[in-house]
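Reading through the structure tokens given below for one structure.
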Amino acid sequence: MIKKVGILTCGGDCPGLNAVIRGAVKVALYNDVEVYGFLEGYKGLLEDRKIKLEQPNIDGIIFRGGTILKSNNGTNTFAVPEINDKGERIFVDYSEEIAKRLKEQGFDCLIVIGGDGSLKSARDYMLRGVNVVGVPKTIDNDVPYTDVTFGFNTAVEVATEAVDRLHTTGDSHGRIMVLEVMGRYAGWVALSAGLAGGADTILIPEIPYDINKVVEKIAYRRAHNKNHSVIVVAEGAKPKEGTISIREIEGDKAENKGLDSVKLGGAGAFVSSEVERITGFEARVTNLGYLQRGGSPCPYDRILSTEFGAMAMQLCVEEKFGRMVTLLNGKLQSISLNEVAGSDTTIGAKSSNLKLVDLGGDLIQTARKVGICLGD
């Protein structure tokens with residue numbers, strides 16, 4: 001029987017993280033399992049910074065946003081940058097040392113709550129002999145083999161309210177209102193919020209757009225006495241024959257081995273300026289940014305997070321390691337982390353096994369049927 005489990009929350013914060021922790025700890029307490037939370041994700045795992053999680057730690061956190069364990073998305077324990085005696089930058093793999101330490105400290109399993117890159121690292125720790133259970137986390141909803149990830153529905157609610165509000169301002173002033181939402185490679189948030197809020201145009205990473213098609217939609221609405229338009233743009237949307245909008249690159253790419261150091265931003269501003277330039281109509285842009293990540297999780301995400309956390313710990317108790325909790329076809333179950341991590345078995349490499357919007361799926365087809373412009 002297992003006696004000691006570690007938990008870490010990785011990557012960007014997400015509504016529902018605390019509810020996952022709470023669900024896992026409650027199951028652990030019921031089964032006399034000790035739980036320790038590593039602080040700041042893989043950074044805390046590297047530095048062996050942890051706290052014991054007991055009932056007082058989880059009281060009243062189900063509705064709190066963020067994570068009581070804090071998080072970090074800038075540490076790859078398989079390639080930590082250091083300067084050697086010669087002043088050269090090298091990358092050191094600390095994963096074997098960490099795996100050995102976990103075993104010495106009596107940890108029977110590690111629950112990793114994170115997105116595609118974090119879960120890829122979790123699978124890699126399996127290859128180092130660590131028992132691991134994964135929990136999919138991202139507001140982008142782009143983790144494969146699960147219908148939905150917790151935090152997504154909360155983000156969509158926030159984005160939908162923003163679309164609703166922009167309709168009223170756009171209508172009052174006869175303006176084109178552009179809303180940029182998160183979605184680096186997958187347009188789930190943009191598509192869902194755009195549909196729910198009645199946007200006129202939705203631009204997502206999966207469909208490179210023609211700005212002239214966007215302009216045609218605006219002209220069509222003007223011809224039908226609708227003098228305002230609302231355009232929802234995912235941060236990773238890009239024009240045909242163009243590139244994604246990059247705000248900055250954190251350091252040299254060589255200094256961020258295994259991490260995605262490219263920070264996106266400006267997709268909405270680009271669309272806004274192009275539309276205004278071509279049409280001559282006033283256009284305004286709003287970047288929703290981190291508002292989508294923060295705050296309390298919606299009821300759906302609180303329930304899903306609790307289910308995910310409870311099942312993750314139950315998998316540990318039953319010694320069903322190397323699995324990721326998932327919701328498939330509406331049923332709570334688990335799937336092998338090997339499948340989630342994808343075909344790239346290089347230890348320490350960044351994962352790219354993402355769940356993208358199905359261009360033949362119901363959401364896209366419904367958007368087209370109701371006359372939403374997708375830029376193609």
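The values are calculated or read from the model by the stated rules, or taken from the named source; none is laboratory data. None of the values given here were measured: they were computed from a predicted structure. Using ideal geometry, Cβ is built from the backbone for each residue, glycine included, and neighbour counts are taken over all protein chains shown.
In table form, for the structure just shown:
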{"quantity": "Filter result (within 17 Å of THR138 (Cα to Cα) and of a type in the set (S, T, N, Q)) within segment 183-216", "calculated": "SER192"}
{"quantity": "Matching residues, segment 305-333, being within 20 Å of the chain's Cα centre (by Cα), surrounded by 19 or more Cβ atoms within 10 Å (Cβ to Cβ) and either without any contact (Cβ under 8 Å) to a residue 40 or more places away in the chain or assigned to a helix (DSSP H, G or I) (or both)", "calculated": "SER305, THR306, PHE308, GLY309, ALA312"}
{"quantity": "ASP116 touching a residue at least 40 places away in the same chain (Cβ under 8 Å), surrounded by fewer than 18 Cβ atoms within 10 Å (Cβ to Cβ) and among the charged types (D, E, K, R)", "calculated": "no"}
{"quantity": "ILE51 vs. criteria farther than 16 Å from GLY322 by Cα, touching a residue at least 12 places away in the same chain (Cβ under 8 Å) and out of contact with any strand residue (DSSP E or B) (no Cβ under 7 Å at 6 or more places or on another chain)", "calculated": "no"}
{"quantity": "Hey, ILE139 more than 19 Å from ARG64 (Cα to Cα), β-branched (Val, Ile, Thr) and touching a residue at least 12 places away in the same chain (Cβ under 8 Å) or not", "calculated": "no"}
{"quantity": "ARG64 vs. criteria touching a helix residue (DSSP H, G or I) at 6+ places or on another chain (Cβ under 6 Å), surrounded by fewer than 23 Cβ atoms within 10 Å (Cβ to Cβ) and either in the same structural domain as ASP301 (by TED's automatic domain parsing) or at pLDDT 95 or above (or both)", "calculated": "yes"}
{"quantity": "Where VAL135 falls short, out of the listed (1) farther than 30 Å from LYS100 by Cβ; (2) part of a strand (DSSP E or B)", "calculated": "(1)"}
{"quantity": "Hits in segment 56-104 - residues which are among the hydrophobic types (A, V, I, L, M, F, W, C) and without any contact (Cβ under 8 Å) to a residue 12 or more places away in the chain", "calculated": "ILE83, ILE90"}
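A quick yes/no check of all residues on (1) farther than 20 Å from GLN314 by Cβ; (2) part of a loop (DSSP other than H, G, I, E, B); (3) small (Gly, Ala, Ser):
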| position | (1), (2), (3) |
| --- | --- |
| LEU29 | no, no, no |
| VAL35 | no, no, no |
| GLU40 | yes, yes, no |
| ILE90 | yes, no, no |
| ILE98 | yes, no, no |
| VAL112 | no, no, no |
